[in-house]
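J.: Please find one structure pasted underneath; my questions will follow.
Throughout, read-outs are computed from the coordinates displayed, never taken from laboratory work. Values in this document were obtained by computation on a predicted structure and should not be read as measured data. Ideal geometry is used to build each Cβ from the backbone, glycine not excepted, and the neighbour counts take in all protein chains shown.
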């Protein structure tokens, strides 16, 4: 099943969209984690670019800086930073997502010395005091961007960016509904491929891309799945993994992934200034295991999604040495199994093609367990 | 058969460990060589290194017997806490225990101290608890120190903590995650004191507000208000130990170093479990007095101090004799590790508010929290270790990388390069584990260290010696 035929898979880090933007004199800011509000970057007239590795299997330069006990996705991204692939970036925004990511950013900056390098410090829980701090952090980021790029973030430009991304989220929900149909019209790999592509776009262009894709899919025939799966885990942009799983007859009808549904989980903004609403919508909606005390919220969201999508089973997929997801997977497995949803936990290396055979065998066995074996 | 570590009815691994440790009450104060030999033969072969590590060298023997008896008293208090109507809370080694000693109804138990006890006292060295964690599906890249420390309470029977309080969110993923997991899995409350990765005044102020909120939460949860007088009493006791800590630090500067290597481990345990109590003051005082006496007499275990090394992160703690005693006998002085670097602010004892502000500075700059939770892991870590290594006159550094510590492993290449650039200090890079000997056996560690000292440190020193000799010859 070629799942991404309509729009094509992203193949280049420095893609045509970004090249075009740069040709017009636009500036590009790299970020890596969903706790970075892209609205603010967009409101500053800059292009937010989510760091990705697009399946890059090479890490030899990164391995000189980080150890083999570090996440292979972060090493793959660092590799592309060090080998010059990411030299088109005009700056980086670091976030304290996890220890691996922090080390990746630090090594990157030690070597490349970006003139604009801003650390957005994000608290590990959502509370009135942590929210006030996070809002302050966004103000600091805003001022830093304004100063360095001689730009201005006005209430109006921020309102527009908030609106633009809210429309993207609404459109993503439409897309999710197409995935959750009895005979899904959109596969999991298509959804992830869309997010991989959209995560280096402005909201209006991403919205156009989603709208076009959805329109085409609405009239397309549905897929009769051998098994309806939900995928959970961290940041992975390896569309090939999803294709391999779906080529076995399953359809990934829902997910809780960073390059997937979690990127669109922000709660609708409440009252107050645009900056306050932005801060609240992000900090209150970080469904990541880095929010240590908030496991119950993550579990509830995963359960609700799995039930709504009528998933026959769930796969928790994470990269080796990711302690945050590795530990959460134990609780998720326990709680989903208790709720009658079988779970397969898979630990893998990023972009290790040699792992695919092993993983396929396990997925096949899992599908047999849940009654969807080919 | 799992001989030698049979759980007793109704006890968990922690209780079993302190049950075994009780044998130290039966040892005479002035142990002879024969007594040590007998004690060594009394335990299982794989645990003999604990006995040798603590009792083989005369200075270690005197201090460690004294220290472990006092530690045992505190651990038994932890064991009895719930019977006496107190709440037992788990804390990581990054959390100053004195905060809890300021409550009458809350008693702290450091997770990693439990793990360390089991590893060094119980047959199997905690491997059964690690394996149990793996059986739950937890990843094998976690930290053995707190995983082994928490699992006995999962496996039950026996006492269980009433809550988990941790401050490692932001400075160490595996540490924070296993504590959060313990709370979720055991169904007990968790309290977080976050240290923002923000070293500005704004970050410090936020941390202070977080601390006050944590105290309020603990007060509500325990039904007891933290009283100013009790806090003052604890903080004054704590600061008596702080003065001795500074004196202890100064003593380490002497060449050869009069402070025995094993005292570094003792300091770590004191700070993690006993600080704020009289017992910590007594042990610190004894360590200072003994080191002073050794300095006065010019005592040093080996014929020559070949190398003064700074351990850039943390010690390996599954084989005291293979690590501390072996290095001491080889003439390799351990000056400290990252957990030995404390920044104690000037304390204002005038009010509860002022003491809590001082306490917030202590927690903000607590070892590991300060460096790995710093604005830059690599730079803060490098600055602090470089400063300590230079101050204490180190010749070299050893990075005993622990596979769980993704923050240091992710930045250690930069650290090693910069340490050489800044101070000309070579760093030996190793990977292994704190409590699990299966990663890198102690023999391998010793071989690497010996080669490093012989080939790198000694050579580095040799030209200076030759120059001195040459100068002396020239002037003659």
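J.: For a quick size check, give me the Cα extents of chain B along its three principal axes, largest first, whole Å.
T.: 78, 57, 43
J.: Using a Förster distance of 35 angstrom, determine the FRET efficiency expected from the C-beta separation of residue B:41 and residue B:346, and round it to 0.05.
T.: 0.10
J.: Need one number for the stretch B:187-335: average projected area of the convex hull over its C-alpha atoms, nm².
T.: It is 12.1 nm².
J.: Let me ask another. Within 10 Å, count the other beta carbons around each residue, average over each peptide in B:388-395, B:29-36, B:138-145, and list them highest first.
T.: My ranking of the peptides, most packed first, is B:138-145, B:388-395, B:29-36.
J.: Using a simple spin-label model with points 7 Å from Cα along the Cα→Cβ vector, what separation in nm is obtained for residue A:23 and residue B:24?
T.: 7.4 nm
J.: Now for a different question. Would you mind giving the mean number of other chain beta-carbons within 10 Å of the Cβ of each residue in A:101-110, as a whole number?
T.: Across A:101-110, the average partner-chain Cβ count within 10 Å equals 5.
J.: So for B:155, B:290, fewest C-beta neighbours within 10 Å to most, what's the order?
T.: B:155, B:290
J.: When Rg is the radius of gyration of the Cα atoms in the stretch A:208-281 and Rh is its Kirkwood radius, what does Rg/Rh come to?
T.: Ratio value, two decimals: 1.10.
J.: I need the Kirkwood Rh of the stretch A:73-221: take the reciprocal of the average 1/r across all distinct C-alpha pairs and report it in angstrom.
T.: Averaging 1/r across every pair of different Cα atoms and inverting gives 18.2 Å.
J.: To continue, here is another question. For the stretch B:266-342, what class follows from the C-alpha gyration tensor (a ≥ b ≥ c being the square roots of its eigenvalues): rounded when a/c is under 1.5, otherwise prolate if a/b is larger than b/c, else oblate?
T.: oblate
J.: Among DSSP beta bridges lying fully in chain A, give the percent that are antiparallel, nearest 5.
T.: In chain A, DSSP labels about 0 percent of beta bridges as antiparallel.
J.: How big, on average over all directions, is the shadow cast by the Cα convex hull of the protein assembly as shown, in nm²?
T.: One quarter of the hull surface, i.e. the mean projection, equals 38.9 nm².
J.: While we're here: What shape does the stretch B:15-79 have by the C-alpha gyration tensor, where a ≥ b ≥ c are the square roots of the eigenvalues, rounded means a/c under 1.5, and otherwise prolate means a/b greater than b/c and oblate the rest?
T.: Cα axes put the stretch B:15-79 in the oblate bin.
J.: Let me ask something additional. Ignore the peptide's own chain and count Cβ atoms of other chains within 10 Å of each Cβ in A:293-301; give me the average, rounded.
T.: For this peptide, the per-residue mean of nearby foreign Cβ atoms is 2.
J.: Next question. Per-residue mean of other chain beta-carbon atoms within 10 angstrom of the beta-carbon, peptide B:373-382?
T.: Partner-chain Cβ atoms within 10 Å, mean over residues of B:373-382: 3.
J.: Can you tell me the 0 to 90 degree angle between the C-alpha axis of helix B:412-423 and the longest principal axis of chain B, rounded to 10?
T.: The two axes meet at around 50 degrees.
J.: Expressed as an acute angle from 0 to 90° and rounded to the nearest 10, what is the orientation of the C-alpha long axis of helix A:188-198 relative to the principal long axis of chain A?
T.: For A:188-198 against chain A, the angle is about 10 degrees.
J.: Further question on the same structure: Checking the a/c ratio against 1.5 first, then a/b against b/c, what shape does the Cα gyration tensor give for the stretch B:115-248?
T.: prolate
J.: Let me ask something additional. With each label point set 7 Å from Cα along the Cα-Cβ vector, what nm distance links residue A:127 and residue B:202?
T.: Distance between the two pseudo-spin positions: 2.0 nm.
J.: Just the number, please: Stokes-Einstein D of chain A in µm²/s, Kirkwood Rh from C-alpha pairs, 20 °C, 1.002 mPa s.
T.: Diffusion coefficient, whole number: 102 µm²/s.
J.: I would also like to ask the following. Would you mind computing the Rg to Rh ratio of the stretch B:1-146 from its alpha-carbon coordinates, Kirkwood style for Rh?
T.: My calculation of the ratio gives 0.98.
J.: Please identify, among A:90, A:129, A:58, the residue showing maximal mean-square fluctuation in a Gaussian network model of chain A using a 10 angstrom Cα cutoff.
T.: A:129
J.: Something else about it: Cα axis of helix A:203-218 to longest principal axis of chain A: angle in degrees, 0 to 90, nearest 10?
T.: 20 degrees
J.: Find the Rg to Rh ratio for the stretch A:16-151, where Rh is the Kirkwood radius over alpha-carbon pairs and Rg uses the same atoms.
T.: 0.97
J.: If one computes the Cα centroid of the stretch B:393-449 and of the stretch A:262-318, what distance in Å separates the two points?
T.: Between the Cα centre of the stretch B:393-449 and that of the stretch A:262-318, the gap is 39 Å.
J.: Over what distance in Å are the Cα centres of the stretch A:336-374 and the stretch A:153-172 separated?
T.: 38 Å
J.: So how do B:344, B:107, A:259, A:105 line up by other beta-carbon neighbours within 10 Å, fewest first?
T.: B:344, B:107, A:259, A:105
J.: Can I ask one more? Quick one: length gained pulling residue B:154 to residue B:34 fully straight, 0.36 nm per residue minus the C-alpha distance?
T.: Residue separation times 0.36 nm, minus the Cα-Cα distance, leaves 39.2 nm.
J.: Moving on to the next point. For B:42, B:414, which order do you get if you count the other beta carbons within 10 Å of each Cβ and list the fewest first?
T.: Listing B:42, B:414 from fewest to most nearby Cβ atoms yields B:42, B:414.
J.: Between residue A:156 and residue A:353, what is the label-point separation in nm under the 7 Å Cα-to-beta-carbon projection?
T.: Each label point is offset 7 Å from its Cα along the Cβ direction, giving 5.3 nm.
J.: OK, next. With an 8 Å cut-off on Cα pairs and a minimum separation of 6 or more residues, tell me the relative contact order of chain B in percent.
T.: For chain B, the relative contact order is 16 percent.
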